[in-house]
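This report refers to the structure that appears directly beneath it.
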């Protein structure tokens, strides 16, 4: 229960941060979360990047200094889901 509330607050904070940083810079920061040893951190970072790509398009990942696509492919719990979403995004463009 408390964890769900914390995740909700974290997502709201991420939406506010998207207004402060330019999107490629934010993706660069989130890619660092994909390298975390904590699985929950990796999952949250992957979901945040997925939301950004869904809202802004794959071109954001191309503009980022640290390319998130290879790092996203290594996130095991979301491997199929992330690849499917990214493939769909690539096909649309």
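Please treat every number below as a calculation from the coordinates, not as lab data. Quick caveat: nothing in here was measured; it's all calculated off a predicted structure.
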Q | Contour minus Cα-Cα distance for residue 40 and residue 7 (0.36 nm per residue) | A | 10.8 nm
Q: May I ask you to compute the full-extension gain from residue 20 to residue 67, defined as 0.36 nm times their residue separation minus their alpha-carbon distance, rounded to one decimal in nm?
A: 14.8 nm
